[in-house]
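The values are calculated or read from the model by the stated rules, or taken from the named source; none is laboratory data. Quick caveat, the model's predicted, so the values are computed rather than measured. Ideal geometry is used to build each Cβ from the backbone, glycine not excepted, and the neighbour counts take in all protein chains shown. Keep in mind that these areas ignore ligands, DNA and RNA; they rest on the heavy atoms of the full protein, side chains included. Shrake-Rupley method; radii C 1.70, N 1.55, O 1.52, S 1.80 Å.
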There are 2 protein chains.
Amino acid sequence: MSERKPRAGQSRTTLSDVANHIGVSAITISRALNKPELVSEALRQRIDDAVQLLGYVPNRAARALASAKSHSVVVLVPSLSNTVFVDTLAAIHDTLHPAGYQMLIGDTRYSPQAEEKLLRTYLEYNPDGILITGFDHTPTAQTLLQTAAIPTVHMMELAEQGDSPCVGFSQYDSGYALTRFLLDKGYRRIAFLAAQLDPRTLKRGEGYRAALREAGLYQPQRELAEASPSSVGLGSRLLDRLLLQAPDCDAVFCNNDDLALGVLFQCQRRQIAIPQQLAIAGFNGLDASAWSNPSLTTVDTPRYDIGKAAASMLLQLMAGKTPVATRVDLGYQLLARDST
Amino acid sequence: MSERKPRAGQSRTTLSDVANHIGVSAITISRALNKPELVSEALRQRIDDAVQLLGYVPNRAARALASAKSHSVVVLVPSLSNTVFVDTLAAIHDTLHPAGYQMLIGDTRYSPQAEEKLLRTYLEYNPDGILITGFDHTPTAQTLLQTAAIPTVHMMELAEQGDSPCVGFSQYDSGYALTRFLLDKGYRRIAFLAAQLDPRTLKRGEGYRAALREAGLYQPQRELAEASPSSVGLGSRLLDRLLLQAPDCDAVFCNNDDLALGVLFQCQRRQIAIPQQLAIAGFNGLDASAWSNPSLTTVDTPRYDIGKAAASMLLQLMAGKTPVATRVDLGYQLLARDST
DNA sequence: TTGCCGAATGTTAGCGCTAACCTTCGAGCA
DNA sequence: TGCTCGAAGGTTAGCGCTAACATTCGGCAA
């Protein structure tokens with residue numbers, strides 16, 4: 001009578017190993033580790049010692065399977081290399097990790113299709129919650145999100161309709177406000193430079209356009225957009241192109257501080273006096289913009305706080321509680337500096 | 001005779017649901033999805049249709065438990081908000097994701113203690129591989145890594161002894177080379193500004209010191225280090241402090257392009273001509289350094305390639321293969337520009 | 001003394017999947 | 001004709017953990 005071969009080699013120490021070691025049942029060990037208050041002080045101490053001694057490390061997969069909870073959260077951002085999202089990610093990490101949640105980070109590369117694919121993949125992990133950027137999803141992705149019925153918080157933008165939980169600020173308003181600020185300063189021929197044409201960039205552009213149209217000063221040739229990622233070098237190049245197609249500009253609204261810095265450097269090279277001949281405004285409040293010469297006017301965005309608030313809201317939702325607010329507008333801050 | 005209550009509510013579609021639907025056994029569905037070549041064309045098609053129809057999503061936890069493979073890789077970096085590591089992370093993502101591996105990203109905040117804690121936590125996920133930054137680990141962490149016997153690749157630095165798999169470049173050499181370059185250019189009173197005193201920064205500092213000592217030109221008061229994170233603002237402040245304690249410097253080696261940019265801006269403010277009165281060199285080859293006025297001499301480091309190579313090597317190791325090389329030196333590139 | 005209660009621990013049965021071995025069946029060959 | 005062989009699919013038994021219910025036992029009110 002041949003015995004069947006058991007699975008695999010000698011694996012790690014398991015719960016039952018610990019249980020056998022001190023002569024109790026496995027469930028007691030489980031309880032001692034997860035709900036210590038259910039186990040008597042003395043026994044708990046013995047268990048802790050045995051865990052230490054045997055070097056027991058729980059197996060998350062088994063726990064997830066048995067409890068139907070993965071203690072993981074999917075986080076989908078458009079880019080891993082953009083400071084904007086990195087700050088938000090850091091905040092999410094800082095909030096979720098202490099609460100015992102693992103982040104599953106996905107980089108959608110600004111593509112709703114890629115996002116849909118990632119979402120599908122990550123649903124296999126049976127996440128307890130989802131943090132997703134914006135509202136620009138494919139119909140299939142929206143269906144996936146709905147049918148999965150997993151608590152979800154949208155970041156960076158605010159829902160324009162419906163009551164999806166969201167944390168962010170109005171991209172449109174911020175674009176409008178910065179343009180309005182330039183108008184109030186007396187600038188009349190204001191250009192707009194944009195890169196990485198994601199929905200948030202586009203909404204800021206709409207704000208820009210609306211403000212200028214209101215003032216009767218909108219001119220399409222003063223708008224310049226490029227789909228490639230934002231960078232300092234691109235800012236320099238875009239300025240050259242702008243001055244070709246609209247040489248009479250008196251101010252430039254750059255959709256990103258990277259671009260603004262590039263524009264600034266290029267102006268220095270072309271001996272264009274800032275802000276006398278040309279005013280420059282950036283966006284996002286990056287560190288460098290405060291220290292350049294002249295310092296750059298910019299709109300500071302609450303990236304870290306958005307991550308913090310979104311993660312906190314998600315923790316509430318995952319705990320089955322109703323958050324105080326499911327639509328959190330964290331605003332933005334216009335920092336007027338020497339470049340305007 | 002009371003029946004025992006079954007677990008939980010109606011959960012998602014499972015393998016057996018699909019199997020029942022088309023009247024085969026569960027293992028066949030499993031095979032059709034994981035090793036399609038073992039299932040006949042016709043049946044496979046029917047299975048694919050049923051999967052689609054029923055909206056079946058595999059459960060990773062169950063798969064991990066049954067197969068003793070998690071298809072996940074732990075990635076530990078010192079900071080989530082430092083461009084240096086972000087580029088590396090992006091490369092790792094680009095390499096591991098297509099291969100079906102999930103990243104578990106941990107932010108050690110430059111602390112070996114925090115790293116040890118993260119490592120302990122992440123081992124619960126039974127990762128198939130580990131990517132870790134540098135070689136500066138606590139003794140306990142080293143023991144954990146050894147006893148876990150999980151393929152591990154160290155990033156950014158090169159092993160000085162032993163044969164731990166690693167991908168990076170010599171931090172010491174790069175610091176030495178940049179200093180040597182400044183000496184060759186004729187600078188004699190070269191300062192060193194550093195922030196975020198991690199092991200890599202310190203090694204570059206050693207390279208700097210060695211080069212100057214060799215030339216008989218080392219002066220401790222020309223070295224200025226600050227433990228806080230690197231930033232443009234800090235660069236400006238450090239320059240002010242440097243000029244107080246060593247006003248006669250003729251060149252500054254900044255450990256990071258952020259600092260270098262801050263120094264550059266501050267020099268502009270103080271009317272210090274660059275490179276005539278003071279030369280500036282940075283480190284890491286950030287985008288902005290190429291476009292500033294004057295453009296900044298820097299050492300370009302292969303951050304993306306390190307991530308790529310480390311992840312590839314890890315894939316090899318996880319597949320049980322022996323990589324061509326387990327010690328990959330990707331070098332660095334000195335970019336001589338106008339600031340020196 | 002009885003009976004009830006609740007704190008502490010145990011028993012049983014899966015969670016959803018796959019490793020390992022087993023069966024079936026038709027093709028190919030001597 | 002008998003045999004082998006491999007492709008295609010099935011059976012069984014867990015992986016390590018925890019939900020749900022069960023048991024034990026000392027304390028204590030009636």
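All but one of (1) out of contact with any Cys (no Cβ under 9 Å at 6 or more places or on another chain); (2) surrounded by fewer than 24 Cβ atoms within 10 Å (Cβ to Cβ); (3) in contact (Cβ under 8 Å) with a residue 40 or more places away in the chain; (4) not assigned by TED's automatic domain parsing to the domain that holds residue B:81 hold for residue B:163, so report the exception by its number.
All conditions pass for residue B:163, except number (4).
Here is a list of conditions, (1) more than 8 Å from chain B (Cβ to nearest Cβ); (2) within 26 Å of residue B:82 (Cβ to Cβ); (3) among the polar types (S, T, N, Q), and residue A:140 meets all of them except one; can you say which number that is?
Condition (2) is where residue A:140 drops out.
Look at residue A:209 and say whether it is assigned to a helix (DSSP H, G or I) and open to solvent by 10 Å² or more (accessible area, probe 1.4 Å).
When the stated conditions are applied, residue A:209 passes them.
Taking residue B:172 as the residue in question, decide whether it is at pLDDT 95 or above, of a type in the set (Ser, Thr, Tyr) and not in a helix (DSSP H, G or I).
no
Can you tell me which residue within the stretch B:9-45, out of those that are modelled with pLDDT under 90 and over 41 Å from the mean Cα position of the chain (by Cα), is nearest to DNA strand D (Cβ to nearest atom)?
Checking each candidate, the answer is B:9.
Filtering the stretch B:212-238 down to residues that are part of a helix (DSSP H, G or I) and within 14 Å of chain A (Cβ to nearest Cβ), which residue is most open to solvent (accessible area, probe 1.4 Å)?
My answer is B:237.
If we keep just the residues of the stretch A:78-126 that are in a strand (DSSP E or B) and not charged (D, E, K, R), which is surrounded by the most Cβ atoms within 10 Å (Cβ to Cβ)?
Among those residues, the one meeting the criterion is A:105.
Residues in the stretch A:266-276: is at least one more than 14 Å from every other protein chain (Cβ to nearest Cβ), crowded, with 19+ Cβ neighbours inside 10 Å and among the hydrophobic types (A, V, I, L, M, F, W, C)?
Within the stretch A:266-276, none of the residues are more than 14 Å from every other protein chain (Cβ to nearest Cβ), crowded, with 19+ Cβ neighbours inside 10 Å and among the hydrophobic types (A, V, I, L, M, F, W, C).
Among the numbered criteria (1) in contact with a Ser or Thr (Cβ under 7 Å, 6 or more places away or on another chain); (2) more than 30 Å from residue A:55 (Cα to Cα), which single criterion is violated by residue B:107?
Here residue B:107 meets the rest and fails (2).
Residues of the stretch B:301-323 being out of contact with any Gly (no Cβ under 9 Å at 6 or more places or on another chain) and of a type in the set (Lys, Arg), which ones?
Scanning the stretch B:301-323 gives B:308, B:321.
Are any residues in the stretch A:67-77 open to solvent by 40 Å² or more (accessible area, probe 1.4 Å) and facing chain B (nearest Cβ under 9 Å), and if so, which ones?
If the condition is that a residue be open to solvent by 40 Å² or more (accessible area, probe 1.4 Å) and facing chain B (nearest Cβ under 9 Å), then A:68 is the only one that fits.
Among (1) out of contact with any helix residue (DSSP H, G or I) (no Cβ under 9 Å at 6 or more places or on another chain); (2) surrounded by 15 or more Cβ atoms within 10 Å (Cβ to Cβ), which single condition is residue B:143 missing?
Of the numbered conditions (1) out of contact with any helix residue (DSSP H, G or I) (no Cβ under 9 Å at 6 or more places or on another chain); (2) surrounded by 15 or more Cβ atoms within 10 Å (Cβ to Cβ), the odd one out for residue B:143 is (2).
Collect the residues in the stretch A:277-295 that are open to solvent by less than 30 Å² (accessible area, probe 1.4 Å) and away from chain B (no Cβ under 11 Å), keeping them in residue-number order.
Those that are open to solvent by less than 30 Å² (accessible area, probe 1.4 Å) and away from chain B (no Cβ under 11 Å): A:278, A:279, A:280, A:281, A:282, A:283, A:284, A:285.
Looking only at residues in the stretch A:26-47 that are away from chain B (no Cβ under 14 Å), open to solvent by 50 Å² or more (accessible area, probe 1.4 Å) and under 17 Å from residue A:63 (Cα atoms), which one is farthest from DNA strand C (Cβ to nearest atom)?
Step by step, filter the stretch A:26-47, then rank; the result is A:35.
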